[in-house]
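The values are calculated or read from the model by the stated rules, or taken from the named source; none is laboratory data. Given the structure is predicted, the values throughout are model-derived calculations rather than measurements. When we count neighbours, we look across all protein chains shown, and the Cβ atoms used for this are built from the backbone with ideal geometry, even at glycine. Remember, those area values only see protein heavy atoms, side chains included, never the ligands or the DNA or RNA. Shrake-Rupley method; radii C 1.70, N 1.55, O 1.52, S 1.80 Å.
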Amino acid sequence: MKKSSIAKSIFSFIKSEAVLTASWILAIASMFFVPPDEKYLDYIDWRSLSILWSLMVIMNVFKQNGFFNLLAEKLISSINGKNGAEAKRQDKKTFLLISSLVFLCFFLSMAITNDVALITFVPFAIMILEGSPLLIPTIVLQTVAANLGSMLTPVGNPQNLYLFALGNFSVPDFITLILPYWISSFILLIAAIFLVTKIQRGPVGIQSRSGSEIKPHGIPIFKTIVFSVLFIIALLTVSRLIPFYILAALTLVCSLILQRKAFFKADYFLLLTFIGFFIFTGNMARIPTINVLLKKLVEGHEMILGTLASQVISNVPAALLLSGFTENIRALVLGVDIGGLGTLIASMASLISFKFYAKTEGSRPGRYLLYFTAVNIIFLAVLIAQYFLMPLAN
């Protein structure tokens, strides 16, 4: 391979995996100050990584077997009516259709993660609304819904899973912390959908497609049962009722035997990103001067710093970087979860939606970004205001 081709490949990788690259640049740089030793293994939260990896594999199995597409199709078909019968009022039908597409992401992201929700349901929205002026608003609201719906549970997104373990939360305690913001998000989404469907007008309903494009593959019952049980085991593992290594071992064996493709489709780059940040923050904590300085900077400002850092480096790295320098994990959880709103990179899940939209025929990325930014700023402002108006339970 020519040197120019190698350089181009390296540059392409760095561009596509910028966060992973940054995490390991920081990790390697920190090694010059704290040379590698046996304590490096203690930096890494193996329990969180094992649960995260297991959930990735389990969700890949459900997705690859068309489970989520079947769920979406059944729901949309019920709105369109049997045999495509029109609803009595077009505006009601439109509201129900957009609400279904958005709230599928909002509610299911709590269990299947925000990334999986968007990977699954944004293409479905594009299939249904392609060519409609409702397409951009719907995808933007799906993205906001996935990022906000996933806040409520420890398994909803990677930063929650990590901070849940670090903060030694119980599941009820974690949900109680997030619930007021989750309820506000639900109300805001309903209001936004109502406004969008009143202002924007366009064709709705499943477009004329060949059945193979919409209809999911037959759901394999045995696999669905096995991986549903594994998902329940994962939830019990999150609740500390089952050791994480049992979950990881069962996931490994079941995936390799029943659906090897799901094993290889897990986001290993995300796992490596976590490890890179674990090494960097672990090393920084062992340098007394830097440790003291960063603690003074972070303590008392966890929420606002979590939100601001998320706008620049996204909320998962922000959670990993800031968590090593504060004991107020509750405020940090809110900061990085609410901080998933805002810029396109505030939550890496938001990039999934944008990439899907950008590939559609006749896409208008500039218009999408303007709409995305405006909606996110409004939601972000309301939730930040709620945080400062509502006392944080300690």
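See the values below:
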{"read-out": "Unique residue being within 23 Å of residue 127 (Cα to Cα) and in a helix (DSSP H, G or I) when the list is 367, 330", "value": "367"}
{"read-out": "Residue within the stretch 268-291 that is crowded, with 19+ Cβ neighbours inside 10 Å and outside any helix (DSSP H, G or I) present", "value": "no"}
{"read-out": "Any hit, the stretch 149-166, residues being in contact (Cβ under 8 Å) with a residue 60 or more places away in the chain, under 20 Å from residue 310 (Cα atoms), assigned to a loop (DSSP other than H, G, I, E, B) and in contact with a Leu (Cβ under 9 Å, 6 or more places away or on another chain)", "value": "yes"}
{"read-out": "Evaluation of residue 300 against (1) over 16 Å from residue 45 (Cβ atoms); (2) in a helix (DSSP H, G or I); (3) open to solvent by 60 Å² or more (accessible area, probe 1.4 Å) (one fails), failing number", "value": "(2)"}
{"read-out": "Pair list, Cβ under 8 Å, 6 or more apart: the stretch 276-299 residue in contact (Cβ under 8 Å) with a residue 24 or more places away in the chain and more than 12 Å from residue 323 (Cα to Cα), other residue aromatic (Phe, Trp, Tyr) and open to solvent by 80 Å² or more (accessible area, probe 1.4 Å)", "value": "283/33; 287/33"}
{"read-out": "Any hit, the stretch 242-253, residues being at pLDDT 90 or above, open to solvent by less than 30 Å² (accessible area, probe 1.4 Å) and hydrophobic (A, V, I, L, M, F, W, C)", "value": "yes"}
{"read-out": "Top-ranked residue of the stretch 102-140 - restricted to ones that are farther than 29 Å from residue 51 by Cβ, among the aliphatic types (A, V, I, L, M) and within 19 Å of the chain's Cα centre (by Cα), ranked as surrounded by the most Cβ atoms within 10 Å (Cβ to Cβ)", "value": "125"}
{"read-out": "Residues (in a helix (DSSP H, G or I), polar (S, T, N, Q) and either within 22 Å of residue 62 (Cα to Cα) or at pLDDT 85 or above (or both)) located in the stretch 92-140", "value": "99, 100, 109, 114, 120, 138"}
{"read-out": "Residues being surrounded by fewer than 17 Cβ atoms within 10 Å (Cβ to Cβ), modelled with pLDDT of 60 or more and not charged (D, E, K, R) - total across the stretch 76-91", "value": "3"}
{"read-out": "Counted residues, the stretch 341-365 - those being more than 11 Å from the chain's Cα centre (by Cα), open to solvent by 50 Å² or more (accessible area, probe 1.4 Å) and closer than 24 Å to residue 159 by Cα", "value": "4"}
{"read-out": "Check on residue 146, surrounded by fewer than 24 Cβ atoms within 10 Å (Cβ to Cβ) and part of a helix (DSSP H, G or I)", "value": "no"}
{"read-out": "Selection count, the stretch 311-324, where residues are more than 20 Å from residue 165 (Cα to Cα) and modelled with pLDDT of 85 or more", "value": "1"}
{"read-out": "Unique match (being assigned to a helix (DSSP H, G or I), at pLDDT below 90, open to solvent by 30 Å² or more (accessible area, probe 1.4 Å) and not hydrophobic (A, V, I, L, M, F, W, C)) among 23, 12, 48", "value": "12"}
